[in-house]
Each structure stands twice: as C-alpha cells, then as structure tokens.
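Asks: Sending over a structure as structure tokens; questions will come in a sec.
Only the coordinates and a few stated rules stand behind these numbers; no lab work does. All values reported here derive from a predicted model rather than from experimental measurement.
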Amino acid sequence: MDKNKIDNALKFYMQAQKLKTVLRSGWQVWQIEADRAESIAEHIYGAQMLAIALHSEFRQDIDITHVLKMLAIHEMEEIRIGDITPFDNVSDEEKRNMGKVAVAKLCSNIGLGDDYIEAIEEFENQITPESKFARMIDKLEANIQAKNYDENGAFNLDKESIKPILDDPRIQEFIEKGDKTVPEFFARNDRSKYNDEFNEILDRVLEININELGKID
C-alpha cells in the first residue's frame, strides 16, 4: 500500500477527531449548568441519528446516504475556525469565506477532497432536496438539545452574567413576543428555516418531555 495515502487518510482522520473535544459555543454563550457541554462531534452524531429516524418514519424522497455524508462533514471548517455563533458579530459572508479556506486546507491532501468540498458547498447553497433536509435536521437537532438541557435545569436566566445575552436586541424581540425559555428562543429563531412538516415536529418537541422519550424501556 502507498504509505503517503495511508498518512493522508490518518491525517484527515486525526484532524477530524479534534471535533470530539471542541465544545458547541452556543451552549457556552448560554452558560449551561451541566456536567459538561456537548461537543461538535456529538452534535454531528445527533444530527445523523435524527436524519435516520425521521427518514425511517416519513420516507422523504431523498438520498439519505448523501444526507448523512453532508451531515458528517459540513462542520469540518470548525476544526480550524471554531464554532462561530450569531453573538460573535461575524457576518454570514465572512464566516462563509473563512469556512471555504479552512475546508480547502483540510481536504487538500486527501483523494476525495474535491468531492467533500462539493458536498459542503451543496449543503451551504441549499438547492437540492438533500441539502435542504440536512440543513433542517442540523437546526432541529439543536432545538431538541436546547429542550433537553432546559428540562434538566441547565439554563439559569436569572444569573447576572447572562444579562448581556438577554439584552441583545434579537433576544429582546423574542421576549416581547412572549418567549420565556431558551428552547423558545431557539425555536423562534429557526421557524422560518423550516418547512411545514419540520415546524410541526418542532411544535411536538416543545410540548412533550424529551427526556422521558430517552429512557430505555
């Protein structure tokens, strides 16, 4: 076997492994009170399992294998640039450009690098049914995780240190519309990105006890 190809594969793998220890910045912004915050790799796994589950139940007319591929690699840029949140004051265009540079470097020495870059671009451009489904899955997984944290008492909105976040104009707008919890804030922010079916799923997430569903029978 070609030792260079082995090294290229292992390098790609070992760099991707870093997402196991990079925490999701959004939960740090909201200062969750939990044993530990979710990593980006855990979010990726959660999104893939959610895609499998919803496709199993509702059989969308999509290539689920391609969806799983996009979900597996679309966060690769965060190996280099970290998990940028809306509170970091980085424009969408700036983040997109930073991401392209990061992904190009990560994929430069692996045989199917161009294919991975193309899949990430597909995810970002939101033209194909697979990319649209993957994006909604990515958002919904975060909505579910917010509800999960909330049910476990991980959000303390009475802390003085959280006040700057609550005073953000975007959050104030949500509060003025009647939202009181972080899951409600997340849901309000994401609804416009969902189709009717995903909004119906989101409604169900908000009305039930997620943790009860997670118990092993």
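Asks: Enumerate the amide H contacts of Ser39 below 5 Å, restricted to partners 5 or more residues apart or on another chain; note that Pro and chain-start residues carry no placed amide H.
Replies: Arg24
Asks: Candidates (1) -0.96, -1.09, -1.36, -1.49; (2) -0.84, -0.97, -1.24, -1.38; (3) -0.85, -0.95, -1.15, -1.24; which is the computed log10 I(q)/I(0) by the Debye sum over Cα atoms at q = 0.14, 0.15, 0.17, 0.18 Å⁻¹?
Replies: Given (1) -0.96, -1.09, -1.36, -1.49; (2) -0.84, -0.97, -1.24, -1.38; (3) -0.85, -0.95, -1.15, -1.24, the structure-derived one carries the label (1).
Asks: Kindly express, to the nearest 10 degrees and within the range 0 to 90, the angle between helix 3-16's C-alpha long axis and the longest C-alpha principal axis of the chain.
Replies: 10
Asks: Excluding residues fewer than 8 places away in the same chain, name every one of the lysines whose C-alpha is closer than 24 Å to that of Lys139.
Replies: List returned: Lys18, Lys20, Lys69, Lys95, Lys100, Lys147, Lys177, Lys180, Lys193, Lys215.
Asks: What's the angle, to the nearest 10 degrees (0 to 90), between helix 129-151's Cα axis and the longest principal axis of the chain?
Replies: The helix 129-151 is inclined about 40 degrees to the chain.
Asks: Using only Cα atoms and rounding to the nearest 10 degrees, what angle (0 to 90) does helix 196-207 make with the longest principal axis of the chain?
Replies: So the inclination is approximately 50 degrees.
Asks: Only helical DSSP H runs with n ≥ 4 go in: add -39500 (n - 2.57) per run for the chain, normalise by residue count and round the 222 nm mean residue ellipticity to 500 deg cm²/dmol. Could the numbers behind the result be given before it?
Replies: Values: 13 runs with 140 residues, N = 217.
Here the helix-only value at 222 nm equals -19500 deg cm²/dmol.
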